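Here's the structure we're looking at; comments come further down.
The values are calculated or read from the model by the stated rules, or taken from the named source; none is laboratory data. Worth saying up front: this structure is predicted, and the values here are computed from it rather than measured. Positions of Cβ are backbone-derived with ideal geometry, glycine not excepted, and every protein chain shown enters the neighbour counts.
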Amino acid sequence: MSEESVLGRLKQAVVGRPIPSHLAHHERLNRTTGLAVLSSDALSSVAYATEEIVRTLLLAGAAALSLATPIAGVLLILFKGDTHALIPLYMVGVFLSFTLSQAGMVLRWRRLREGGWRRHAGVNAIGAVLTGLVLLVVAATKFSEGAWIILALIPVHVLWFRGVHKHYGRVAAQLSLRDYEPERRRGNTVIIPIGGVHRAVLQALEYARSLNPDVRAVYVDVDPQATQNVRKEWERWGQRVPLIVLDSPYRSLMEPLLEYIDQVDAERPNDYVTILLPEFVPARWWHHILHNQRALLIKGALLFRRHIVVTSVPFHLAS
């Protein structure tokens, strides 16, 4: 069965068969069809016809209604299934929108001053006053019945959106190329933290050598016997890349590594310092909790440090 026929049958199941044009004038819409045609939003649909909107949402399953369903469900739970109590929420939102749109048109006519703008601005001003009066009456008389929710949420949303707008403005100013002078960096020191010598480390080593000759492997000594084994393996597989062994008397893996990175960054202030992390990519998603925990700690510790570049070299594990 084709996709169009499936959608067509689903549409017919929800709102009925198409009405021929020559019969449309005499057709009386039932509640389900009228809801789909005339309702302005999901909230008004829930407020005035709960059974119909729930039936429509369940059958239609459209992507545009993906948020309307949980919102409608939460409102019905909060108002204990009394759909009439939702009407004040709808009225405050609608008449606020009407008032703002009419007032906005007044400002538009005053700014453009096109032909007949005074008459048009007057009509919109009357509309703004009337809808504003209705808004005030509804907000005052229905405040305790649920209108307070919209009156409280709208300022919160406005402040939130203004904060987001200011944030994007600050980010754009920092990213702007106006008066920009590139920061010159002469070199790049690549550091590979390792916990042993294996294929993932050797793959990261090959990648590091393709970036820059100045490559260093760093191993934190928390077990003398394990450190001795790593030294032997590195002499065989390390491709003449120096291995830096850091002492850790308190068996801490992070502090000696971070101190060494700070030391290299201080010694070469005009260079980049790249931290290359060999990481496993497990074949099963639930295996991720068993690997790469140290890499996550290193990334988090270096995230806010300038001139420190952290990158991963993935090694894909077979199932």
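State yes or no: is residue 173 in a helix (DSSP H, G or I), of a type outside the set (Asp, Glu) and without any contact (Cβ under 8 Å) to a residue 60 or more places away in the chain? I'd like the intermediate steps shown before the answer.
Working: in a helix (DSSP H, G or I): yes; of a type outside the set (Asp, Glu): yes; without any contact (Cβ under 8 Å) to a residue 60 or more places away in the chain: yes.
It is true that residue 173 is in a helix (DSSP H, G or I), of a type outside the set (Asp, Glu) and without any contact (Cβ under 8 Å) to a residue 60 or more places away in the chain.
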Residues of the stretch 301-319 satisfying the condition of being small (Gly, Ala, Ser) and closer than 21 Å to residue 281 by Cβ: 312, 318, 319
Before we move on, is residue 187 in contact (Cβ under 8 Å) with a residue 60 or more places away in the chain, surrounded by 10 or more Cβ atoms within 10 Å (Cβ to Cβ) and over 19 Å from residue 309 (Cβ atoms)? no
Quick check on residue 218: is it in a loop (DSSP other than H, G, I, E, B) and assigned by TED's automatic domain parsing to the domain that holds residue 309? no
For residue 297, only one of the following conditions fails: (1) buried (at least 16 other Cβ atoms within 10 Å of the Cβ); (2) in contact (Cβ under 8 Å) with a residue 24 or more places away in the chain; (3) in a helix (DSSP H, G or I). What is its number? (1)
Restricting the first residue to the stretch 113-136 and requiring it to be assigned by TED's automatic domain parsing to the domain that holds residue 94, which pairs with a second residue that is surrounded by 15 or more Cβ atoms within 10 Å (Cβ to Cβ) and not hydrophobic (A, V, I, L, M, F, W, C) meet a Cβ separation below 6 Å and a spacing of at least six or different chains? 124/102; 127/102; 128/99; 128/102; 131/99; 132/99; 135/99
